[in-house]
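Take a look at the structure below.
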Amino acid sequence: MANKNYDGGEVRPFGFRDKLGYLLGDFGNDFTFILSSSFLLKFYTDVMGVDGFVVGIVMMVARFVDAFTDVAMGRICDRSKVTPAGKFKPWIRRMCGPVAISSFLIYQSSLAGQSMAFKIIWLFVTYILWGSIFYTSINIPYGSMASAISPEPGDRQSLSTYRSLGGALAGVAVGAGIPMVAYDTIEGKAVLNGPRFTMIAGIFSAFAVLSYLLCYYMTTERVRPKRTDSVRANDSLKTMLSNALKNRALISIIAASIVLLLAQLTMQSMANYVYPNFYGNTAAQSASTFIMLITMLIAAAFTKPISLRYGKAELSVVSNILAAAVCVVLYFLRPANVWVYVALISLSWLGLGFFNMVSWALITDVIDYSELKNGVREDGSVYALYSFARKLGQAASAGLSGALLSAIGYSQETAFDERIVNGIYNISTLIPAAGFALLALILWFWYPLHKKQVDANVAALKEKHGE
């Protein structure tokens, strides 16, 4: 199966070109996704003057829209016509321009002088266009494509690792680059420069388009869906949702994804307040992001052999316990030296890095499990539900962070008050600690696809497909 294309002809074997191309796909994704998850709240509170609670509400409302658009896109993917390029790849080329343009429109600092109602409406409309429509229309096919590039578990783990590295590299570009160039020092305080941030958002959008196009041309879909493996015309949305609700693996990984992003993105977004407000040091924020990349590279080097021996879920449990423990230590230690904080938070990122390296391979295990359970292969639909869950986690993080910032009294005027900055530090450590601990419990006690079951499923699918 892995050496045939959709026309039945011979294709090159799976190799480094596919892995690098898939890396570039998430590199493109995260130029807009990480920009939104890490800096949208900061941009709208500090540049546009919108209350953090309102920003969080807008992001949460958008996720309810995603309940329809994500699932609809998944069904569209499953029913898409098979082309010589594949079933999922064409969507990457079609939608790379719209997702980049809509992301850029969100961050228009020239509108800061408009009325509050106008700014909130602008945020809502542009954010919906970007996240609920265009990002969905490219991210669902991209994520679903992993199971079509190769049927082999080892290859899929490699794709998951390279995807995570792509996200980490984009995270460095966004997380380290912006603090270095987007802030001005005014009266000893780091203040976000709105026009400069708008220009950065435009540059990131251009890089996103280039990355998507390279992904399109470098990857190859090899797994050809058989008629019995594809979504049949009479398969209703009701049937798909009914199957999903009875799918323990899917429901548990959805819950895990929500908790993961609630913890991880809270830690990322609050870094934009901890470093400039609590420590008054944006250079340390940039350095922390570079160190995060190093921890991801360390995790990438060891993830595959460890997961092949002990299992992806098992590795994920241990790594999240480590991440949670470090956040608890940070809460009680409260180091006055910012570099002690950087060193410890890097250990948390190392633990999280191991989980990120296997997270996308976990969903391909769920897709295989669903095929065995339901007799129908629904790559797009399963991934769409997973993607929707991730967006719920993103929205929950933004909503919670915005609400907690409002609760402690954060505003443009109080941003550097002692009580406020101490509240910022508490949020940045306690919420991630609780999230990582809960994630470990879900993966160990609820998620059923531990190593023994995954190996059995792979063998069963090979027998089913006559390999």
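So here's what we get for this one:
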{"item": "Hits in the range 138-170 (condition: open to solvent by 10 Å² or more (accessible area, probe 1.4 Å) and either outside any helix (DSSP H, G or I) or more than 26 Å from Leu449 (Cα to Cα) (or both))", "result": "Pro151, Glu152, Leu169"}
{"item": "Count of the range 256-274 residues which are out of contact with any Leu (no Cβ under 9 Å at 6 or more places or on another chain) and open to solvent by 10 Å² or more (accessible area, probe 1.4 Å)", "result": "2"}
{"item": "Any hit, the range 328-348, residues being touching an Asp or Glu at 6+ places or on another chain (Cβ under 9 Å), surrounded by 20 or more Cβ atoms within 10 Å (Cβ to Cβ), within 24 Å of Trp446 (Cα to Cα) and among the hydroxyl-bearing types (Ser, Thr, Tyr)", "result": "no"}
{"item": "Residues that are at pLDDT below 80 and open to solvent by less than 20 Å² (accessible area, probe 1.4 Å), drawn from the range 362-381", "result": "Val376, Glu378, Asp379, Gly380, Ser381"}
{"item": "All positions within the range 25-53 that are at pLDDT 90 or above, open to solvent by 10 Å² or more (accessible area, probe 1.4 Å) and among the aliphatic types (A, V, I, L, M)", "result": "Val47"}
{"item": "Extreme residue, farthest from the chain's Cα centre (by Cα), among residues of the range 202-247 that are modelled with pLDDT under 95, of a type in the set (Gly, Ala, Ser) and in a helix (DSSP H, G or I)", "result": "Ser242"}
{"item": "Selection status of Ala284, open to solvent by 20 Å² or more (accessible area, probe 1.4 Å), out of contact with any Gly (no Cβ under 9 Å at 6 or more places or on another chain) and of a type outside the set (S, T, N, Q)", "result": "no"}
{"item": "From Ser137, Ser160, residue being modelled with pLDDT under 85, in contact with a helix residue (DSSP H, G or I) (Cβ under 6 Å, 6 or more places away or on another chain) and of a type outside the set (Phe, Trp, Tyr)", "result": "Ser160"}
{"item": "Some residue of the range 181-189 being assigned to a helix (DSSP H, G or I) and either in contact with a Ser or Thr (Cβ under 6 Å, 6 or more places away or on another chain) or open to solvent by 30 Å² or more (accessible area, probe 1.4 Å) (or both)", "result": "yes"}
{"item": "Checklist (1) crowded, with 22+ Cβ neighbours inside 10 Å; (2) touching a strand residue (DSSP E or B) at 6+ places or on another chain (Cβ under 7 Å) applied to Lys87, failing item", "result": "(2)"}
{"item": "Output for the range 107-125, where each listed residue is of a type outside the set (D, E, K, R) and surrounded by 13 or more Cβ atoms within 10 Å (Cβ to Cβ)", "result": "Tyr107, Gln108, Ser109, Leu111, Ala112, Gln114, Ile120, Ile121, Trp122, Leu123, Phe124, Val125"}
{"item": "Subset tally (residues that are assigned to a helix (DSSP H, G or I) and closer than 15 Å to Phe33 by Cα) for the range 98-122", "result": "9"}
{"item": "Single condition Arg390 does not satisfy, out of (1) in contact with a Pro (Cβ under 8 Å, 6 or more places away or on another chain); (2) closer than 25 Å to Val326 by Cα", "result": "(1)"}
{"item": "Residue in the range 413-421 that is assigned to a helix (DSSP H, G or I), touching a residue at least 40 places away in the same chain (Cβ under 8 Å) and more than 29 Å from Thr69 (Cβ to Cβ) present", "result": "yes"}
{"item": "Selection count, the range 45-79, where residues are within 30 Å of Ile420 (Cβ to Cβ) and more than 21 Å from the chain's Cα centre (by Cα)", "result": "10"}
{"item": "Filtered residues of the range 94-106 (kept if open to solvent by 60 Å² or more (accessible area, probe 1.4 Å) and at pLDDT 95 or above)", "result": "Ile101, Phe104, Leu105"}
{"item": "Pairs, first more than 18 Å from Leu165 (Cα to Cα) in the range 302-320, second open to solvent by less than 10 Å² (accessible area, probe 1.4 Å) and among the β-branched types (Val, Ile, Thr), C-beta under 9 Å, six or more apart", "result": "Ala313/Val358"}
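The values are calculated or read from the model by the stated rules, or taken from the named source; none is laboratory data. Since we're looking at a predicted model, the values are computed, not measured. So basically every Cβ, Gly included, is an ideal-geometry build from the backbone, and we count neighbours across all protein chains shown. When the accessible area is computed, the model is the full protein with side chains, heavy atoms only, and any ligands, DNA or RNA have been set aside. Shrake-Rupley method; radii C 1.70, N 1.55, O 1.52, S 1.80 Å.
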